[in-house]
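The values are calculated or read from the model by the stated rules, or taken from the named source; none is laboratory data. Nothing here was measured: the structure is a model prediction, and the numbers come from that model. In this analysis, Cβ positions are derived from the backbone assuming ideal geometry, glycine residues included, and neighbour counts consider all displayed protein chains. Only protein heavy atoms, including side chains, enter the accessible area calculation; ligands, DNA and RNA are left aside. Shrake-Rupley method; radii C 1.70, N 1.55, O 1.52, S 1.80 Å.
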Amino acid sequence: MSSKGLLIVLSGPSGVGKGTILKEVMKDESLKLAFSISMTTRAKREGEVDGVNYFYVTRDEFEQAVRDGKMLEYAEFVGNYYGTPLEYVEKLRNEGTNVILEIEVQGCLQVQEKEPDALTIFIVPPSMEELENRIRGRKTEAEEIIQQRLAKAESEMEMLNKYKYVVCNDDVELAADIISVIIRRHMEKNAEKD
Ligand code: 5GP
């Protein structure tokens, strides 16, 4: 009777505001959402907590997890590995929880190969100028990294046709509302299948 939870992929260029939108969407408990905590080799940013934002590991640990088949997907992004541990995602989905992966484009393509029904959403900024302002405003990265992230953003924007939905983050609350509606509709469709 109770169906497996949805697998939801949220992507978008660095600085577009995925985290802020996600926080808004997750306030709605009726959506039964859980956030998949990724593993990364990148350094912890100020304010981030191990086991909350990411599991911070060494390159050796990450590569071992990949060899052991423990990752649903993984990718290298601006010099660091990022990936989704499979076991946690499966456990939650089997309990009927809808799981959100906040991952970049290459990882999303791998997820789609394995799970063609994944609900994929790409968030775009109102403009590339606005995106640059947001990344700079965050003041967490050195200039060289900012440049790399901006270049990466340009190439990621070319991949948005790979996603089922594209949502503009002009207004956080509105973007969150749109995403909530999309998720709710897919939950209904999922329930109809039973
Ligand atoms: P940040 O360093 O800004 O936290 O993340 C950099 C990029 O890595 C973002 O686009 C983010 O969505 C992506 N990312 C975070 N976790 C994962 C993951 O588990 N897998 C993949 N493929 N990308 C991830």
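Can you run phi through the Karplus equation (6.51, -1.76, 1.60; θ = phi - 60°) for the range 4-12 and list ³J(HN,Hα) in whole Hz, with x for Gly and Pro?
Ordered by residue, 3J(HN,Hα) equals 5, x, 6, 9, 10, 10, 10, 10, x Hz.
Check which residues have an amide H placed less than 5 Å from V167's amide H, if you skip close sequence neighbours.
Those qualifying (amide H under 5 Å, at least 5 residues apart or on another chain) are F122, I123, V124.
With both partners inside the range 35-97, how many of the DSSP beta bridges are antiparallel, as a percent to the nearest 5? All intermediate terms of the calculation are to be shown ahead of the outcome.
Details: 8 of 12 bridges.
The antiparallel proportion sits near 65 percent.
How much area per residue is accessible in the chain when the probe is 1.4 Å and only protein heavy atoms are counted (Å²)? Walk me through the numbers before you get to the answer.
Details: 10380 Å² over 194 residues.
Solvent-accessible surface per residue comes out at 54 Å².
Which whole-Hz couplings ³J(HN,Hα) result when phi for each residue of the range 142-149 is put into the Karplus expression 6.51 cos²θ - 1.76 cosθ + 1.60, θ = phi - 60°, listed in order with x for Gly and Pro?
Values per residue, Gly and Pro as x: 6, 3, 4, 5, 4, 4, 5, 5 Hz.
Could you pull out every residue, at least 5 positions away or on a different chain, whose amide H is within less than 5 Å of the one on V9? Hs are placed 1.01 Å off N in the peptide plane, and Pro or chain starts have none.
L101, L119, T120, I121
Taking the Cα centre of the chain as origin, work out the dipole magnitude from +1 charges on Lys and Arg Cβ and -1 charges on Asp and Glu Cβ, in debye rounded to 20.
Details: 26 positive and 36 negative charges, 60 e Å.
Using only the charged Cβ atoms, the result is roughly 280 debye.
Would you grab the residues whose amide H sits under 5 Å from the one on M71? Only those 5+ places off in sequence or on another chain, please, with H modelled 1.01 Å from N.
Long-range HN contacts for M71: L86.
Once R0 is set to 25 Å, what does the formula 1/(1 + (r/R0)^6) return for the Cβ-Cβ distance between R67 and A43, expressed as a FRET efficiency to the nearest 0.05? Don't skip to the answer; put the middle values down first.
On the way: r = 23 Å, r/R0 = 0.94.
For R0 = 25 Å, the calculated efficiency reads 0.60.
Going through the cross-link list K18/K162; K44/K139; K32/K189; K139/K164, which pairs have a Cα-Cα distance over 26 Å in this structure?
Numbers: K18/K162 18 Å; K44/K139 14 Å; K32/K189 15 Å; K139/K164 32 Å.
Those over the limit are K139/K164.
When DSSP beta bridges are limited to those with both residues in the range 38-194, what percentage is antiparallel, rounded to the nearest 5?
Numbers: 8 of 16 bridges.
Bridges in the range 38-194 are about 50 percent antiparallel.
If we count every other residue with Cβ under 13 angstrom of N53's Cβ, Lys/Arg +1 and Asp/Glu -1, where does the sum land? List each step's numbers first, then the result.
Working: positive: K18, K23, R42, K44, R45; negative: E46, E48, D50, E102.
Spelling it out: positives minus negatives among the neighbours equals +1.
Quick one: length gained pulling K4 to E188 fully straight, 0.36 nm per residue minus the C-alpha distance?
Working: separation 184, 0.36 × 184 = 66.24 nm, distance 1.24 nm.
Length gained between K4 and E188: 65.0 nm.
Carbon and sulfur: what percent of the chain's accessible surface (1.4 Å probe)?
Details: 5170 of 10380 Å².
Carbon with sulfur: 50 percent of the solvent-accessible area.
Could you work out [θ]222 nm for the chain from helices alone, using -39500 (n - 2.57) per DSSP H run of at least four and dividing by all its residues? Round to the nearest 500 deg cm²/dmol. Could you put the intermediate results ahead of the total?
Details: 7 runs with 84 residues, N = 194.
Per the formula, -13500 deg cm²/dmol.
Grab the Cα-Cα distance for V172 and E144, subtract it from 0.36 nm times how many residues apart they are, and report the gain in nm with one decimal.
Details: separation 28, 0.36 × 28 = 10.08 nm, distance 2.80 nm.
Result for the pair: 7.3 nm of gain on full extension.
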